[in-house]
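Everything below concerns the one structure shown next.
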Amino acid sequence: MCRSTSGVDLEVLHVFGSIIKNLSSEDEEKHRKAMEASEKFIKVKQNVVTTRNKYDKTSFEQQQANEQEQFLKGIELDVKERAERRKKSETDAEVLKSKGNKAFKSGRCQEAIDCYTEAIKLVKYFPALYTNRAQAYIKLKNYDAAIDDCKWAIRIDEKCVKAYVHCGRALQKKACFSEAISLFKKGEEIDPKQKDVIAGRINDFNIYFLSVRELVSSAGNSNGRVTQ
């Protein structure tokens, strides 16, 4: 096995370098796998140290073992610190999310948006923060911002039904009806339990189209009348 000048296995350096990189990733799946990998390596490190203590080592071998043990301890500490920081960020984000939800229910939409925005600064990988903020944007008629938030939520979780529904609602308000219906149907495919809710929204479209058709027809008849 290759070693660095400090006596630490280069293979170990490479593996831990990859773990540390993914621990900083905003990709939830990469971060989760990195956490699992770090926990496995910590256990391996503990087993290696226990095994080494059972055998007599030459001075050189013992020096290399000590150096690698110190390196692994440093990595273990870094992993734990990152996990603690992440946990605190998630806890703080949940508090802000709850405040945002209360503000939204009370009709204070801008305050809700501000809370969700602060939460997103802490954790960028919670789809609910984006879909909740999208609902507040829709209330304030900022439909483009709502659509952008829903797209972010879908990037994080392509099966986030709320993102498709709220994006469809925003598109509906912008009179992009075919796109909206397409998104509603996509949401229904992902979660059939939402079928009744989504069917209700699609039915609203049908009622709207019939109303528009009647208005157009009435206007046409009025324009075609001959007045005496």
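The values are calculated or read from the model by the stated rules, or taken from the named source; none is laboratory data. Keep in mind the model is a prediction, meaning the values are calculated, not measured. Here the Cβ positions follow ideal geometry from the backbone for every residue, glycine too, while neighbour counts run over all protein chains shown.
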Residue selected from the stretch 87-115 under the condition small (G, A, S) and part of a helix (DSSP H, G or I), by the criterion modelled with the lowest pLDDT: S89
For the stretch 180-197, give me each residue that is crowded, with 16+ Cβ neighbours inside 10 Å and farther than 19 Å from A128 by Cα. A180, I181
Hey, could you check the stretch 116-128 for residues that are within 19 Å of H166 (Cα to Cα) and not in a loop (DSSP other than H, G, I, E, B) and say which is nearest to the chain's Cα centre (by Cα)? P127
For the stretch 58-69, state whether one or more residues are more than 16 Å from Y130 (Cα to Cα), at pLDDT 95 or above and surrounded by fewer than 16 Cβ atoms within 10 Å (Cβ to Cβ). no
Being surrounded by fewer than 14 Cβ atoms within 10 Å (Cβ to Cβ), within 21 Å of the chain's Cα centre (by Cα) and within 29 Å of R82 (Cβ to Cβ) is the requirement here; does K159 meet it? yes
How about the stretch 117-126: which of its residues are surrounded by fewer than 21 Cβ atoms within 10 Å (Cβ to Cβ) and in contact with a Phe, Trp or Tyr (Cβ under 9 Å, 6 or more places away or on another chain)? I120, K124
